[in-house]
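Shown next, in structure tokens, is the structure this report addresses.
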Amino acid sequence: MKLLRSLSSRLVVYWVVFSMLAFFMIPATALLPLATLGIDDVGYVRLEGHTVKRARNILMRTLRQRSDGGVFVEMTDELRAYKARNPDFRYAAFDPTTGAAFEGSSKELIDYFSAELPRLEILGANFHILTDSNPKSRGSIRMVRTPFGRFGTIVYGAQFHWDDLLFWLYHYPTTANAIAYLPLCATISLVALVVVRKNLKPMRSSAAKVAEIDLNSLDQRVSTEGLPSEVVPFVDAVNTAFSRVDDGVARQRRFIANSAHELRTPIAILRTRVDKLDDAPLKHEIKRDAQRIQTILEQLLVLAQVEERGAAAPMPELDLAETVLAETADYTPLALNAGRRIAFEAPSVPVAASGYKWAIESVVANLIENAARAEPAGGVVLVRVAPDATVAAVDHGEGVAPAHREMIFEPFWRKSETTPGAGLGLAIAKELIERLAGRIWVEETPGGGATFKISLNKS
Amino acid sequence: MSKRELLLLEALMRRAGRAVKHSKLISEIHGLDDVVQADALKMSVSRLRRRLKDCGAGVEIHTLRGIGYLIERSRA
């Protein structure tokens, strides 16, 4: 049914159905009232035409051939019944070359025409006999083809009955009519195709525009310019929907940013209070937990910040090596405390990249923290900046199974229930890096472990 | 203790417990004018380490490869 979903094919189907209906309905609806009022003689003749056709059809079926080759009109049951309904019905069949009427023809008609028949070439004609007392009587003279030859036929005086239209309906779908109808259908199909294609063309660019809209470009709207007025309400509705989504998303972002901001103070207070505790091992653990919560909050804030600034503003240029080195140096004491070391490698010349410093810092901090946590005690985490504006954080821990290498960047993904953290760090990192038009991925460290890499645009 | 070692110790102590970058240390010790040999800093640090150990200062200078140095109280 896919074909019927195309607007052009629907147009063609509707057109065919409705035009057929109209074709059958016009005589009944438009011509009949005129005909009965006797106003439109043409309309009357058209209606009567079906009566005449039916009458001739009955007459044709009465023609019989005798063994000597002679033809006669047999009084069949059908003819008798028809005559009973139409008392004034007269009929005749004759040999067109001699004009001689066949046996069984109505005598009055033969008398009327016999003098002229040999001198007429029958092309088909409707007529009314002026001396007839009924002014509405119509007749027709016409050639017919039978299995035993071509003959002239005359029918006259049949009354119009509604079931004559049924007869016509029954005989309408002939091959000839179908052939006559075909070019018309083909033309209409072509017109429908052209009209639909041409007029819905602006829809394609509109669709492309809608497809481009994502969470960061919710302020964009689809122009209704050049669109057919029928689809404008739809486009308007889409635009309104986008406006509502835009508002909702903005509200949600504000909510996240505000929540994260509000939570900063209690966390800071918590950390100060923990410092005052005496129980050393427990104190250390609670302190670390508080640190984690704070990190997540900071990440959420960073994300809210980058969303607010949007992608429209051009990104500043910075020295990636310097930025990453500063972040690595900051994290070193924490790693040392935990019994891990951090090494840094970078080219001796600056590595130019475009991006927001605070965003890159946030991501790098997250990667180093993850790497330091994965690194076995006594090991060395390597942070490496390459000239092509990529940063790698190399650890020698358990590594990331190939099946998980995409999933770990999903929000709230954790390896297991016991894994610490909310599972937001990498998701936020990915979000940030993509905002900077960069890429983040994980590889395997040669010899075992995970190597997280980010690549940024070189400027 | 030489002037350079003293400057080095001061620079590290001012940021005790935190990493002090190579570039920072070099500019603190040698200033901006001197042409510094690649391993001059390394030699200064190893001399300082020895001295601190000899006098039992109870501090440790960690080498942070690619980053710089960090001074903190000995863990032992």
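A short reminder: the numbers here are calculations on the coordinates, not readings from a lab. Because the structure is a prediction, the values reported are computed rather than measured. Every residue, glycine as well, gets a Cβ built from its backbone with ideal geometry; the counts of neighbours run over all protein chains shown.
Against the main long axis of the alpha-carbon atoms of chain A, helix A:280-309 sits at an angle near 40°.
Two decimals, Cα atoms only, Kirkwood Rh: what is Rg/Rh over region A:213-312? Walk me through the numbers before you get to the answer.
On the way: Rg = 22.2 Å, Rh = 16.9 Å.
In region A:213-312, Rg relative to Rh is 1.31.
Between exposed GluC sites (Glu not before Pro) in chain A, where DSSP calls loop and at most 13 other Cβ atoms lie within 10 Å, what's the longest gap? All intermediate terms of the calculation are to be shown ahead of the outcome.
Numbers: sites that count: A:Glu74, A:Glu116, A:Glu121, A:Glu225, A:Glu230, A:Glu398, A:Glu406, A:Glu417.
So the longest stretch without any such site is A:231-397.
Once the Cβ-Cβ distance of A:Asp219 and A:Cys185 is raised to the sixth power relative to R0 = 35 Å, the FRET efficiency obtained is 0.15.
Less than 13 Å Cβ to Cβ from A:Gly70, Lys/Arg counted +1 and Asp/Glu -1: what total charge do the surrounding residues give?
Values: positive: A:Arg64, A:Arg66; negative: A:Asp68, A:Glu74, A:Asp95, A:Glu103.
Once positives and negatives cancel, what remains is -2.
Counting only DSSP H runs of at least 4 residues, each contributing -39500 (n - 2.57), and dividing by the residue count of chain B, the helix-based mean residue ellipticity at 222 nm comes to -14500 deg cm²/dmol.
Helical content alone sets the calculated 222 nm signal of chain A at -17500 deg cm²/dmol, taking -39,500 (n - 2.57) per DSSP H segment of four or more residues and averaging over every residue. Taking each residue as 0.36 nm, the span from A:Ser348 to A:Phe18 lengthens on full extension beyond its C-alpha to C-alpha distance by 110.7 nm. In this simple spin-label approximation, A:Thr240 and B:Lys42 carry label points 7 Å from Cα along the Cα→Cβ vector, and these lie 7.3 nm apart. In plain terms, the C-alpha convex hull of chain A casts an average shadow of 42.2 nm² when viewed from every direction. Scanning chain A for trypsin sites (Lys or Arg not before Pro) lying in DSSP loops with no more than 15 further Cβ atoms inside 10 Å, the longest uninterrupted stretch between such sites is A:137-275. Dipole size of chain A about its Cα centre, with +1 on Lys/Arg Cβ and -1 on Asp/Glu Cβ: approximately 1280 debye, rounded to the nearest 20. Along the Cα-to-C-beta direction of A:Ala125, a point sits 7 Å from the Cα; which residues of region A:142-157 have their amide N less than 14 Å from that point? What the label zone holds, given the 14 Å backbone N cut-off, is A:142-143, A:153-155. Taking only the C-alpha atoms of chain B, the Rg (one decimal) and the largest Cα-Cα distance, Dmax (whole number), read 11.8, 40 Å. List the lysines whose Cα sits under 16 Å from the Cα of B:Lys3, skipping any in the same chain fewer than 8 residues away. Partners within reach: B:Lys42. Express the relative contact order of region A:213-312 as a whole percentage, based on alpha carbon pairs under 8 Å and six or more residues apart in sequence. Computed value for region A:213-312: 32 percent relative contact order.
For A:Lys209, the aspartates and glutamates whose Cα falls under 17 Å of its own Cα, not counting residues fewer than eight places away in the same chain, are A:Asp219, A:Glu225, A:Asp236, A:Asp246.
With the contact rule set at Cα under 8 Å and sequence spacing of 6 or more, what percent relative contact order holds for chain A? Spell out each step's value before the answer.
Numbers: 591 pairs, mean separation 42.0, N = 459.
Reported relative contact order: 9 percent.
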